[in-house]
Amino acid sequence: MAAMDSPPLGIRPDLALTDEQRRALRLLHDYDLTPVRRSLLYDGILPSAWVDDAIWEFRRFMGLCVLSPEPVGMVSRYVDEVWHTLILHTQLYAAFCEQIFGHFAHHEPTPRGPAADLPEPAAEERPFEELYWEAYGPLGRIWSPELMATTDQDIASVSAKLTDLARTLSPGEQGALKQFLELAARGYECSQTHGQAAGQAA
């Protein structure tokens with residue numbers, strides 16, 4: 001939980017907020033999404049190293065929905081998966097919406113497919129990065145276009161290639177490869193934890 005004197009969700013301290021906005025952001029910061037995290041990890045919908053970061057950025061995305069009078073477009077399929085998973089917990093989602101927004105927040109799925117096939121943003125939508133920067137500062141890593149461009153097929157392809165590579169290695173080399181991948185994953189998790197802590201302190 002955030003200390004009561006620190007900005008919720010790492011919101012910029014100089015941003016003018018109404019009492020109702022501050023209350024909603026505080027609720028978002030502290031809302032218990034443990035069942036959602038458990039589902040994401042159990043189902044393997046997201047790479048485990050990205051789950052906590054995606055949940056944090058989902059909280060921030062909902063914060064933008066609280067702050068912006070115009071619709072806020074979802075631009076990360078990973079953050080969108082957090083939303084989808086929360087919706088599946090119907091009672092939790094209904095309570096979440098009521099407490100944060102005062103009404104049920106409907107969700108239109110983000111279109112999937114090549115960028116050229118995606119519809120243009122609605123005219124009233126401000127660029128997501130502009131809204132995010134104004135509220136929090138630099139975009140979190142989960143919003144990066146490179147990460148968004150990574151498909152399930154890409155992940156499966158890399159996994160298959162690593163499996164093929166492992167079959168050509170000696171047992172000692174296989175152990176070394178496993179250790180290397182575990183260290184790389186831990187390094188990513190540490191960098192994300194550090195980034196989140198910096199964002200909360202900002």
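Figures for the structure shown
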item	result
Pro127 being loosely packed, with under 12 Cβ neighbours inside 10 Å, modelled with pLDDT of 70 or more and within 18 Å of the chain's Cα centre (by Cα)	yes
Output for segment 168-182, where each listed residue is surrounded by 12 or more Cβ atoms within 10 Å (Cβ to Cβ) and of a type in the set (Asp, Glu)	Glu173
Unique match (being more than 25 Å from Pro127 (Cα to Cα) and either free of Cβ contacts under 8 Å to residues at least 12 places away in the same chain or assigned to a helix (DSSP H, G or I) (or both)) among Asp53, Asp32, Asp80	Asp32
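The values are calculated or read from the model by the stated rules, or taken from the named source; none is laboratory data. Given the structure is predicted, the values throughout are model-derived calculations rather than measurements. Virtual Cβ from ideal backbone geometry, glycine too; neighbours counted across all protein chains shown.
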